[in-house]
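Participant: Before anything else, here's the structure in question.
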Ligand code: ADP
Ligand code: ZN
């Protein structure tokens with residue numbers, strides 16, 4: 001009898017064996033939202049499309065079933081570098097995986113092919129272009145394929161922003177593997193993309209799993225660009241020593257900002273399509289390997305970024321669409337710890353994009369312009385940012401106040417003298433005879449005296465310099481707000497401002513208007529830990545965290561893998577907080593499974609002990625693991641699975657109680673179930689051999705398998721729990 005499920009009984013995500021695998025290989029005691037459902041579809045062989053936001057834990061949805069199911073799962077992944085990282089990460093977690101792609105040497109390729117043929121690999125990563133080759137068809141012919149997972153599945157869709165022609169070939173997979181289930185994974189949620197993916201991949205009766213698109217661990221801000229460098233400086237001040245990305249619209253701006261940051265003493269690397277491939281690769285790697293924490297980039301810096309501990313993403317200008325914003329800003333906080341996304345923008349950004357996009361010629365171009373306007377609306381809106389974003393993707397937002405955006409923090413104020421301010425602006429539009437654009441009007445109000453203003457005699461107008469004390473961008477913003485509210489319209493190629501009927505009414509004081517301006521905030525608020533918890537640690541714990549990072553960086557570079565493959569920031573934070581002092585306690589930390597405990601356990605324990613002593617931090621004597629939240633049945637399933645894993649490794653009752661944070665009686669219950677399920681037939685290490693033999697002899701003597709007679713016959717020397725365990729083991733011996 002082997003403790004696993006009988007072959008005709010389908011394995012489900014809830015099965016203890018599965019949670020045990022999650023615990024053993026990844027060190028996670030429970031699923032994240034939607035993971036169980038997604039895993040279940042894969043286990044059931046039901047075609048599916050899984051749409052979860054970045055950081056939602058999509059990879060686990062196919063990696064865990066791949067490990068549990070017989071055969072090899074084929075994972076289609078668009079980028080060679082990410083493929084390597086995934087394989088390294090799986091290997092570090094004790095999951096046999098390999099990749100076949102054009103970057104391999106002949107020898108590596110032979111090795112992977114051989115392991116594949118021998119059925120050793122649970123996952124095989126392939127690139128979409130590689131799949132179409134005769135070599136691959138030949139190689140995969142005799143492989144028992146458990147299922148096919150297509151990562152970044154939106155790349156198959158023309159509607160998506162990352163369309164890749166070679167993804168189009170993936171439809172052919174359906175013909176080669178008519179009986180194998182296929183699953184798509186993406187973070188792009190729009191309905192058009194969704195339908196396109198299902199159709200292009202040829203998914204059948206697709207089970208669609210859609211998670212919430214809210215990213216509660218991200219704090220959003222959007223504010224007018226005034227002095228970009230000063231504004232960036234403030235962001236950097238909030239994120240000292242942490243990783244961040246600054247996105248710019250143009251290559252020239254990337255160079256400028258990167259140089260300016262470097263000049264101010266921040267080590268920042270540029271990244272854009274104009275740099276040579278080699279330079280780009282080097283900069284990306286330096287960032288991924290944590291040799292550099294700041295990257296200034298155009299959107300060309302994208303899919304290949306696999307750094308999960310990006311703590312802020314700043315946009316120096318408007319992104320191209322809400323979808324783009326979601327993607328780019330979404331690169332922050334992939335490790336589920338708190339991160340900040342801040343958007344600096346101005347009306348000029350629209351012009352900059354229009355220049356890049358060119359005159360709209362097709363339906364597609366017009367859609368692109370509409371998307372641009374939408375993201376501009378997002379930037380200027382005074383609606384909760386979390387609400388705006390999830391509503392955009394068709395989801396309801398349940399909270400009145402997200403506790404994690406500039407709007408909800410009250411960082412924008414309504415202008416008291418909005419009517420007066422509007423009247424000044426509107427009358428300036430009238431004074432320039434409704435013949436100039438917003439920029440010019442704002443400059444007149446500001447009191448600028450450049451050639452164009454002098455040439456038209458606009459320095460002589462009564463409205464010249466009327467708003468001299470305000471920032472040009474603020475004036476421009478109020479003009480925008482008046483346009484949005486219908487008091488002004490922009491017309492013609494030059495976007496000339498005209499007064500509307502209601503604009504004239506407002507000028508006479510017969511209408512009302514609301515304008516907003518950013519409030520001066522000394523110290524921006526921090527999110528109220530709505531998400532996965534913060535990175536924020538108190539003094540010495542922060543130092544310990546930095547020591548752990550340094551250790552990880554070194555180890556990662558020794559092994560030629562990105563640091564997160566060793567351990568994620570979330571795990572390092574927990575290590576710095578909990579400071580486990582024993583192997584058992586170490587295993588209670590999320591993200592440390594068996595393989596990693598074996599590989600780094602000793603080093604970590606020594607490092608924790610040394611640094612804790614030095615920093616005057618206490619270490620938990622009683623190996624108390626962070627108690628898992630007991631809110632759900634799944635959490636307790638997770639604890640049970642954790643206990644099973646520990647029993648399997650031969651840990652005793654006390655250790656397992658400490659590890660799972662459960663009462664001794666609960667753990668005894670776990671052990672009894674474990675004994676039954678795994679068919680355990682020998683008492684060690686849970687029961688001394690003599691005790692076991694003694695209970696056996698007494699049970700035979702009193703001809704009873706009930707507890708009380710045995711307990712009494714033994715004179716009360718052996719407690720009920722031990723007797724129960726002994727009997728359970730004996731039952732297994734009898735059944736053999
Ligand atoms: P995605 O591909 O959806 O962006 P990832 O697969 O990179 O997300 O996972 C995001 C983070 O969540 C990773 O750090 C991963 O280790 C972690 N994670 C995945 N599954 C779990 C889980 N069940 N419990 C805790 N953390 C998890
Ligand atoms: Zn909000």
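Participant: Among 682, 157, which comes first, then next, by fewest other beta-carbon atoms within 10 Å?
Facilitator: The fewest-first ordering by Cβ neighbours comes to 682, 157.
Participant: Restricting to DSSP H runs of at least four residues, report the calculated mean residue ellipticity at 222 nm for the chain, -39500 (n - 2.57) per run over all residues, nearest 500 deg cm²/dmol.
Facilitator: One gets -14000 deg cm²/dmol as the mean residue ellipticity at 222 nm.
Participant: Starting from the 7 Å offset along Cα-to-Cβ, what nm value, one decimal, do you get for the label separation of residue 142 and residue 500?
Facilitator: 7.3 nm
Participant: Further question: On full extension of the chain, what length is gained from residue 133 through residue 162, given 0.36 nm per residue of separation minus the C-alpha to C-alpha distance?
Facilitator: Separation in residues times 0.36 nm, less the Cα-Cα distance, equals 8.2 nm.
Participant: Could you let me know the centre-to-centre spacing of the range 90-160 and the range 449-477, using Cα atoms, in angstrom?
Facilitator: 63 Å
Participant: Return a whole-number percent for the relative contact order of the range 16-210, with Cα pairs under 8 Å and 6 or more residues apart as the contact set.
Facilitator: The normalised contact order for the range 16-210 reaches 30 percent.
Participant: Can you put 452, 446, 596, 424 in order of Cβ neighbours within 10 angstrom, beginning with the fewest?
Facilitator: In increasing order of surrounding Cβ atoms, one gets 452, 424, 446, 596.
Participant: Which distance in Å, rounded to a whole number, links the C-alpha centroids of the range 342-385 and the range 237-260?
Facilitator: Going from one Cα centre to the other spans 21 Å.
Participant: Counting pairs of alpha carbon atoms under 8 Å apart in space and at least six apart in sequence, what relative contact order in percent does the range 633-734 give?
Facilitator: 26 percent
Participant: Right, something else. So how tilted is helix 472-484 from the main axis of the chain? Cα-based, degrees 0 to 90, rounded to 10.
Facilitator: Computed tilt is about 90 degrees.
Participant: In nm, give the distance between the simple-model label positions of residue 720 and residue 609, each being 7 Å from the Cα along the Cα-to-Cβ direction.
Facilitator: Calculated label separation equals 4.0 nm.
Participant: Starting from the Cα of residue 514, move 7 Å in the Cα-to-Cβ direction to define the label point; list residues of the range 479-508 whose amide nitrogen is under 20 Å from there.
Facilitator: Answer for this model: 479-488, 502-503, 506-507.
Participant: Quick check: the distance between the Cα centres of the range 685-717 and the range 51-85, to the nearest angstrom?
Facilitator: Here the answer is 50 Å between Cα centres.
Participant: Using per-residue counts of other Cβ atoms within 10 Å, averaged over each peptide, order 24-35, 461-472 from highest down.
Facilitator: Ranked from most to least packed, the peptides come out as 24-35, 461-472.
Participant: Between residue 382 and residue 417, what is 0.36 nm times their sequence separation minus the Cα-Cα distance? Round to one decimal in nm.
Facilitator: 10.8 nm
Participant: Then there's this: I'd like the antiparallel share, as a percent to the nearest 5, of DSSP beta bridges with both residues in the chain.
Facilitator: Counting DSSP beta bridges with both partners in the chain, the antiparallel share is about 10 percent.
Participant: Mind giving me the FRET efficiency for residue 352 and residue 681? R0 is 56 Å, r the Cβ-Cβ distance, nearest 0.05 is fine.
Facilitator: Taking R0 as 56 Å, the efficiency between residue 352 and residue 681 is 0.15.
Participant: Can you tell me the relative contact order of the chain? Whole percent, Cα pairs under 8 Å, sequence separation 6 or more.
Facilitator: Answer for the chain is 14 percent.
Participant: Extending each Cα 7 Å along its Cβ direction at residue 177 and residue 712, get the distance between those two points in nm, one decimal.
Facilitator: The answer from the label model is 6.4 nm.
Participant: Based on the Cα coordinates of the chain, what is the per residue volume of their convex hull in Å³?
Facilitator: Here the figure is 195 Å³ per residue.
Participant: Something else: How do 168, 579 rank when sorted from fewest to most other Cβ atoms within 10 Å of their own Cβ?
Facilitator: So the ranking, lowest neighbour count to highest, is 168, 579.
Participant: Taking the Cβ-Cβ separation of residue 489 and residue 362 as r and a Förster radius of 30 Å, what is the calculated FRET efficiency to the nearest 0.05?
Facilitator: That gives a FRET efficiency of 0.70.
Participant: Would you please classify the overall shape of the range 347-464 from the alpha carbon gyration tensor, given that a ≥ b ≥ c denote the square roots of the eigenvalues, rounded means a/c under 1.5, and beyond that prolate means a/b larger than b/c while oblate covers the rest?
Facilitator: oblate
Participant: Now for a different question. Provide the packing ranking of 354-361, 598-605, 553-560, i.e. peptides ordered by the mean count of other C-beta atoms within 10 Å per residue, highest first.
Facilitator: 598-605, 553-560, 354-361
Participant: Compute the acute angle (0 to 90°) between the alpha-carbon long axis of helix 363-380 and the principal axis of greatest extent of the alpha-carbon atoms of the chain; round to the nearest 10°.
Facilitator: The angle comes out at about 90 degrees.
Participant: Angle check, please: helix 277-288 long axis (alpha carbons) against the longest principal axis of the chain (alpha carbons), in degrees 0 to 90, nearest 10.
Facilitator: 60 degrees
Participant: Let me ask another. For the pair residue 285 and residue 598, what calculated FRET efficiency results from E = 1/(1 + (r/R0)^6), where r is the Cβ-Cβ distance and R0 = 30 Å, to the nearest 0.05?
Facilitator: 0.60
Taken together, the values in this text are just the output of simple stated rules run on the coordinates, not laboratory data. Predicted model, so just to flag it, every value in this text is computed and none were measured. Cβ coordinates were reconstructed from backbone atoms using ideal geometry, including for glycine residues, and neighbour counts include every protein chain displayed.
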